[in-house]
1. So, of the residues in the range 12-31 that are at pLDDT 85 or above and loosely packed, with under 10 Cβ neighbours inside 10 Å, which turns out to be farthest from CYS61 (Cα to Cα)?
2. For the range 128-152, give me each residue that is surrounded by 15 or more Cβ atoms within 10 Å (Cβ to Cβ) and under 15 Å from ARG88 (Cβ atoms).
3. Could you figure out which of (1) within 25 Å of the chain's Cα centre (by Cα); (2) over 25 Å from THR24 (Cβ atoms); (3) loosely packed, with under 12 Cβ neighbours inside 10 Å isn't true of ASP96?
4. Please verify whether MET85 is closer than 19 Å to ALA33 by Cβ, surrounded by 12 or more Cβ atoms within 10 Å (Cβ to Cβ) and aliphatic (A, V, I, L, M), treating the condition exactly as stated.
5. Limited to the range 122-152, what total is found for residues that are part of a helix (DSSP H, G or I), within 21 Å of the chain's Cα centre (by Cα) and of a type in the set (Asp, Glu)?
6. What pairs come out if I take residues in the range 93-119 that are under 18 Å from GLN77 (Cα atoms) and touching a residue at least 24 places away in the same chain (Cβ under 8 Å) and pair them with residues that are among the β-branched types (Val, Ile, Thr) and loosely packed, with under 15 Cβ neighbours inside 10 Å whose C-beta lies under 6 Å away, six or more apart or interchain?
7. Can you pull out the residues in the range 32-62 that are outside any helix (DSSP H, G or I) and surrounded by 15 or more Cβ atoms within 10 Å (Cβ to Cβ)?
8. Output the qualifying pairs, or none if there are none: Cβ atoms under 7 angstrom, residues six or more apart or on different chains, first residue in the range 15-28 and touching a residue at least 40 places away in the same chain (Cβ under 8 Å), second residue part of a helix (DSSP H, G or I) and loosely packed, with under 11 Cβ neighbours inside 10 Å.
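The values are calculated or read from the model by the stated rules, or taken from the named source; none is laboratory data. These numbers were taken from a predicted model, which means no experiment stands behind them. Ideal geometry is used to build each Cβ from the backbone, glycine not excepted, and the neighbour counts take in all protein chains shown.
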Amino acid sequence: MADNNKPQNYKNHRSYDWLHLVVTMMLVPAIAAAIALLLPLFSERTAVFIMKLLLLYYGLCMLVLAIKVRRYPLVLQDRIIRLEMKLRLQKILPPDDWWQINGLTTDQIVALRFAADDQLPALMRKVLDENIRDRDQIKRLVKFWVADFDRI
């Protein structure tokens with residue numbers, strides 16, 4: 001994932017998930033070894049041992065990929081929530097306070113989405129003034145809860 005602390009420009013704007021790419025490429029030798037096992041090059045005992053190693057190797061690769069692939073929709077969901085909340089905040093805040101929206105981090109916005117409209121402006125100011133960044137801590141401050149049943 002990208003480093004959010006560096007200023008972005010043309011030279012560094014692309015983002016690669018190197019772990020995902022490397023693990024995916026590691027499957028190529030596993031497939032080649034599995035194909036080689038179809039040929040009568042190994043004794044049965046050696047072939048069984050190689051198959052056990054391949055299953056372990058394949059399983060570890062799949063575990064890493066499953067974790068990585070699970071992360072992608074969550075990041076996308078947070079981006080959608082951020083957009084949704086910016087629109088919601090612009091509806092309920094006076095225009096003079098819109099600049100404060102840009103001071104919120106994604107974690108803060110994602111946690112604030114549970115606050116009802118009448119609590120949201122004051123809670124947003126508290127989060128900004130006290131620099132509360134922990135999602136769980138912000139959620140505990142919500143008194144009037146708005147449910148979100150569409151989470152992934």
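1. The qualifying residue farthest from CYS61 (Cα to Cα) is TRP18.
2. Listed by number, the list holds a single entry, VAL142.
3. (1)
4. Considered against the rule, which asks whether it is closer than 19 Å to ALA33 by Cβ, surrounded by 12 or more Cβ atoms within 10 Å (Cβ to Cβ) and aliphatic (A, V, I, L, M), MET85 comes out as no.
5. Number of matching residues: 1.
6. Final answer for the pair search is PHE114/VAL146.
7. none
8. Listed pairs, sorted by first residue: none to list.
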